[in-house]
Amino acid sequence: MNWKNVLTIFCTLFVATGAFAQPAPGKTLTPGKHNFTLQWISWDVPGKIAITKNADGTFAVKGDQYSDDKKDFVTIDGTITQTSPAELLFNGTIRTRYSNVNNGEVCEKTGTYHFLSKGARKYWRLQEMDNCEGNNVVDYVDIFF
């Protein structure tokens, strides 16, 4: 068998298995409990987000992360549609509170927001990350695979 035959067989198998069309590993939203974080609280001690699949193909999500003293937090409640392996479209409410940001007041975002996973990241990050305080303060809200 010459190299052209080997290449033809390899390419045929590659195309037949659909290997080129598979989403990036881990970038598929799956039901269950996943880590959920706000950088102000901790990346090392994540909260949890519960994800359940709805009959229409969307996902119901509800979760939180609290500081040790329970004063600072992030909560999420709504629905997600996965538009691609890298993008989630969220509709609902995200609330954040950190005592040293926004005068310690809750920042509430209600509506439609985008989460993206870029490069080798193991999470989707909220893209509308400006905190209610303004002044270039951002909240990194992450949903892990």
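Give region 86-134 a look and list any residue that's part of a loop (DSSP other than H, G, I, E, B), over 19 Å from Phe36 (Cβ atoms) and open to solvent by less than 80 Å² (accessible area, probe 1.4 Å), or say none.
Just the residues of region 86-134 that are part of a loop (DSSP other than H, G, I, E, B), to begin with: 86, 98-101, 105-106, 117-122, 127-129, 131-134.
The next check asks that each one be over 19 Å from Phe36 (Cβ atoms); those that pass are 99-100, 105, 119-120, 132-134.
Correct list: Ser99, Gly119, Cys132, Glu133, Gly134.
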note = Residue count, region 135-145, condition acidic (Asp, Glu) and either open to solvent by 50 Å² or more (accessible area, probe 1.4 Å) or outside any loop (DSSP other than H, G, I, E, B) (or both), comes to 1
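Given Thr81, Thr75, Thr96, Thr30, which one is under 12 Å from the mean Cα position of the chain (by Cα) and at pLDDT 95 or above?
Working: Thr75 fails: under 12 Å from the mean Cα position of the chain (by Cα); Thr96 fails: under 12 Å from the mean Cα position of the chain (by Cα); Thr30 fails: at pLDDT 95 or above.
After ruling out the rest, the residue left standing is Thr81.
So, of the residues in region 24-70 that are of a type in the set (Lys, Arg) and in contact (Cβ under 8 Å) with a residue 12 or more places away in the chain, which turns out to be least open to solvent (accessible area, probe 1.4 Å)? Quick ask: steps written out before the conclusion?
Restricting attention to region 24-70, the residues satisfying the condition of being of a type in the set (Lys, Arg) are 27, 33, 48, 53, 62, 70.
Now narrow it down to the ones that are in contact (Cβ under 8 Å) with a residue 12 or more places away in the chain: 27, 33, 48, 53, 62.
Details: Lys27: 26, Lys33: 152, Lys48: 99, Lys53: 130, Lys62: 130 Å².
That would be Lys27.
The values are calculated or read from the model by the stated rules, or taken from the named source; none is laboratory data. None of the values given here were measured: they were computed from a predicted structure. Note that each Cβ is placed from the backbone with ideal geometry, even for glycine, and that neighbours are counted across all protein chains shown. SASA here: full protein model, heavy atoms, side chains in, ligands and nucleic acids out. Shrake-Rupley method; radii C 1.70, N 1.55, O 1.52, S 1.80 Å.
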